[in-house]
1. Considering the alpha-carbon set of region A:1-123 alone, what are its Rg and its Dmax in angstrom?
2. For B:Lys206, which lysines qualify as cross-link partners when the Cα separation must be under 30 Å and same-chain residues fewer than eight apart are set aside?
3. For region B:246-288, state which chymotrypsin sites (Phe, Trp or Tyr not before Pro) are in a DSSP loop and have at most 11 other beta carbons lying within 10 Å of their beta carbon.
4. Straight-line reach from A:Lys3: which aspartates and glutamates have Cα under 19 Å away, leaving out those fewer than 8 places along the same chain?
5. Rounded to a whole number of µm²/s, how large is the Stokes-Einstein D of region B:129-209 at 10 °C and 1.306 mPa s, given Rh as the Kirkwood radius over C-alpha pairs?
6. Tell me which lysines have Cα within less than 23 Å of A:Lys247's Cα, excluding those fewer than 8 residues away on the same chain?
7. First select every other residue whose beta carbon is under 9 angstrom from the beta carbon of A:Ser181; then total the charges, Lys and Arg +1, Asp and Glu -1.
8. When averaged across all projection directions, what area in nm² does the alpha-carbon convex hull of chain B cover?
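Only the coordinates and a few stated rules stand behind these numbers; no lab work does. Just so you know, these numbers come straight off a predicted model, no measurement behind them. As a convention, Cβ positions derive from the backbone with ideal geometry for all residues, glycine included, and neighbour counts pool all protein chains shown.
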Amino acid sequence: MQKTVSIKDLIRKDNNKNKLKMGVEKTVPFLLFALASISILTTVGIVSTLLYETFLFFRDVSIIEFFTNTEMKPLSRVEPSFSILPLLSGTVLISLVAMLVAIPIGLTTAIYLSEYASVNVRKAVKPVIEVLAGIPTIVYGFFAFTFVTPLLREFIPALQATNALSPGIVMGIMIIPLVASLSEDAMNSVPKAMREGALALGATKLEVTMRVVIPAAISGIIASFVLGISRAIGETMIVTIASGSSKNLTFDITQSMQTMTAYIVEVTSGDAGAGTTAYYSLYAVAFALFFFTLIMNMFAGYISRKYREAY
Amino acid sequence: MKELALNSNEKTTQKQYMNLAKVNRRMTARLLINNVVKYLFFASTMFGLVILAFLMYQIFSDGLGWLSMDFLTNRLSTLPERAGIIGAITGTVWLMFIVGPVTMVLGIGTAIYLEEYAKKGKFHSFIQTNITNLAGVPSIVFGLLGLTIFVRMFGFGPSIIAGGLTMALLVLPIVVVASQEAIRAVPSYLREASYGMGATKWQTIKNIVLPASIAGILTGVILALSRAIGETAPLVAIGIPALIVPIPSSITDNFTVLPMQIYYWTIDSVLVDEYASMAAATIIVLLAVLFLMNSVAIIIRNKFQKRY
C-alpha cells in the first residue's frame, strides 16, 4: 500500500522545523554574547575586588604613609607598619637585572636570526629558543635557587643565600625569547628593498642593520622591551623562591629582598587571616602591581601602533 | 701660521679626494668589524641554547636518580625515601578536566561571537582590548581574584573547582586569540557557498566554519592547557596547603599539582637535602608532560590544518 502524504502536513512540518531553526538562530547570538561577556566580567571582577579591598586597607593605613614610609612590617604584633617602597625597590632592582640580561641578548639574538642566519639555521634555532619561553617559571625558580645562586657565591662570597642577583639573571634568561621573537618580528617586517638599497650604496651588513633595519623597526623593538619589563614585574615564582623575604629598602643586589609579587605569595600562604590589615595590604600591593603592568602593556601597544613605520 | 694654513689646506684636499690607502684601510676596518660583530651576535644567540642545555643537564643529572615507579605511584610523605607524587599527578589531571572544558566553551564561544556576530565597532574593540589586557595581567593577580571570588565568596575553599576556574580565566585569552585566528583563516567563499545552499548563519558556523578551523582551535586549547599545568603562582595565592596526603577524588576536594609540589620541595630543600633531587625528579615529570602536549599540538597543526 502506498503511503499517502498530504501537502498540508508537509508544509506544517516544514514550518515547525523552520520555527525551531529560527529559534536557534535567535538564541545563539545571545548565548555567545553571554560567553564573551565573561572576559569582561573577569576584568570587572579583578578591578572591583582590588579596588574595594584596597579601599578597606586605606581606612586603616594612610595612603601617604604607605608611599613614604620605609618600614614594612605587616605581621609585626607590636607595631605593624606598611610601606610599598621596599617592595617597589625590590621589584625595580630585580627587573633591572633581568632586563640587563634580556635586552642585549634578546636583541642581538633577534638581529642574528633576522639578518645573518641562513634559513636552515633559523629554522633550527628559533624553536629551541622558544622552548625557553615554554618552560614553567617554577623550573626557573628551582634553577636559580639550587644552581645559579651557589654558582654565583663561588665568585661573590658576600652573596646571601637568597638575593636579588640570581633571580634577576634567571628572570632575564626567561625573558630573552619574548624580546627576541617580538624584535625579530619587527625587523622581519622591514621590507627587503630598504636593505638592498643600503647594500647597494656600499654599506656592510652591520651598517645596514644598525642604520636601516633597527631604526625602521624601533617601535616594535621598544615595545618588546616594555613588554619584557612588564613580564619581569609580574613574575612571581622565581623571586618567591630565590630572592627571599626581607623587606629592607636597599639597593644592594647581593642582599635578600622581596618583590610585590613575592609579598602577595608570602601573605596569602602565611597566617594573615581575612579581615586583618595585613590581609588587606595584599590587595593594595596587588592593585599597584596590576596598575603598573597594565600601564606598561598599554604603553607597549601604543608605541607599536603609533610609531609604526608603514611600508 | 703658514704651516697651519698649509695643514688645513691639505685637510680639505684630503677630504675631497680620499687616497686609495685610506679607503682601503677604512674598508678593511668596516669589514673586520662586520665580521667580528657577526660572531658576537651568533655567540649571543647560542647563549640561550647553552643555558637551555645546562638547565636540562642540571635537572636530569639531579633528578633522574630519584625517578622510579615507586616515586610516581607513592603518596606524599615527609620521609624522602617513601614519598611519591601520585597525589600531584592526580591533582594535575583533575585540574585539566576543569580547565579544558571551561576554557574551550568560553574561549570558542567568545571567538565565534567576536568574529561572526559582533558588529565591528566600539563594543567589538572594547572586548578585544579587554582580552589583550587580560593576557598581560600577572598570574598572581588572577590568583587573588580566585581567592576572593571562588575560594571565599563562593565558599569553594582551596579545592579543585576553585583552582580550575581560576586557571581557566587565566588561560582564556590564549584560547580566544588562537580560535579567532583560526576562524578568521576560514575563507569567506566557504561561508558564502553554505549560505547559497540555504543554510542559516548558525548552521554555517556549526557545519562549515568550526570544522574548518578546528585544528587551530585545538592547538590553542592544548597550549592553554600546558600553560595551566605549569602555572604555580595563582594556586599558591588561593592557598593550597603544603602537605596533602589523600588523593583527590572529587572536584570539591583539596588538591595539589606538580608545580606546587616542586615549589614546596624546592623551598624546603634547605632543610632536607633529598628534597632538591625530588623537586628535580618532579620537574622531569612535568617537563615530560609539557613536551608531550606540545608535540601533540605541533602534530595537529601540521597534519590537520588545511591551507586555503
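1. Expressed in Å, the Cα Rg and Dmax of region A:1-123 come to 32.0, 98.
2. The reachable lysines, counting only those whose Cα sits under 30 Å from B:Lys206, are A:Lys13, A:Lys17, A:Lys19, A:Lys21, A:Lys26, B:Lys119, B:Lys120, B:Lys122, B:Lys303, B:Lys306.
3. Sparse-neighbourhood loop chymotrypsin sites (Phe, Trp or Tyr not before Pro): none present.
4. Straight-line reach from A:Lys3, under 19 Å: A:Asp14.
5. Details: Rh = 15.2 Å.
Stokes-Einstein gives a translational diffusion coefficient of 104 µm²/s.
6. The reachable lysines, counting only those whose Cα sits under 23 Å from A:Lys247, are A:Lys73.
7. On the way: positive: A:Lys126; negative: A:Glu130, A:Glu184, A:Asp185.
So the environment of A:Ser181 carries a net charge of -2.
8. 30.1
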